[in-house]
């Protein structure tokens, strides 16, 4: 699925993006100030399945908000070190595998899903 920046923002509506920005972590804005939300690419793969889902130019301030922007059903669990994704679209961590992610083909060094994104980042979630 390929969505252009214009198509996705048009789908949400500019007012929706502005309204959502007040709830994004790390965003503070003054009245009338435009908020810059990084656009990133999301790749989701499940080992053993041939289908890979790719979403281009989604707005997201963190790896979790990027999943939510793609419309994924996400189950999270809080731990002392942060928040982890337990399931994406009904595929849960367990004996068969576990969700992990990389940003620009590198492990982020933090295991929580609040890791901040930059413009153009590629986030790859893999279940293996």
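The values are calculated or read from the model by the stated rules, or taken from the named source; none is laboratory data. Here the structure is a predicted model, which is why all the values come from computation and not from measurement. Please note: Cβ atoms are built from the backbone with ideal geometry, for glycine as well, and neighbour counts cover all protein chains shown.
Please verify whether residue 120 is surrounded by fewer than 12 Cβ atoms within 10 Å (Cβ to Cβ), modelled with pLDDT of 90 or more and in contact with a strand residue (DSSP E or B) (Cβ under 9 Å, 6 or more places away or on another chain), treating the condition exactly as stated. Walk me through how you get there before you give the answer.
Values: surrounded by fewer than 12 Cβ atoms within 10 Å (Cβ to Cβ): yes; modelled with pLDDT of 90 or more: yes; in contact with a strand residue (DSSP E or B) (Cβ under 9 Å, 6 or more places away or on another chain): yes.
Spelling it out, residue 120 is indeed surrounded by fewer than 12 Cβ atoms within 10 Å (Cβ to Cβ), modelled with pLDDT of 90 or more and in contact with a strand residue (DSSP E or B) (Cβ under 9 Å, 6 or more places away or on another chain).
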How do the pairs read when you match residues in segment 107-128 that are over 16 Å from residue 37 (Cβ atoms) with residues anywhere that are in a loop (DSSP other than H, G, I, E, B) and at pLDDT below 90, using Cβ under 6 Å and keeping only pairs 6 or more apart or on different chains? 108/115; 128/47
List every residue pair whose Cβ atoms lie under 7 Å apart, where the two residues are 6 or more positions apart in sequence or sit on different chains, the first residue falls within segment 68-81 and is closer than 28 Å to residue 39 by Cβ, and the second residue, located anywhere, is modelled with pLDDT of 90 or more and part of a loop (DSSP other than H, G, I, E, B). 72/89; 73/89; 73/90
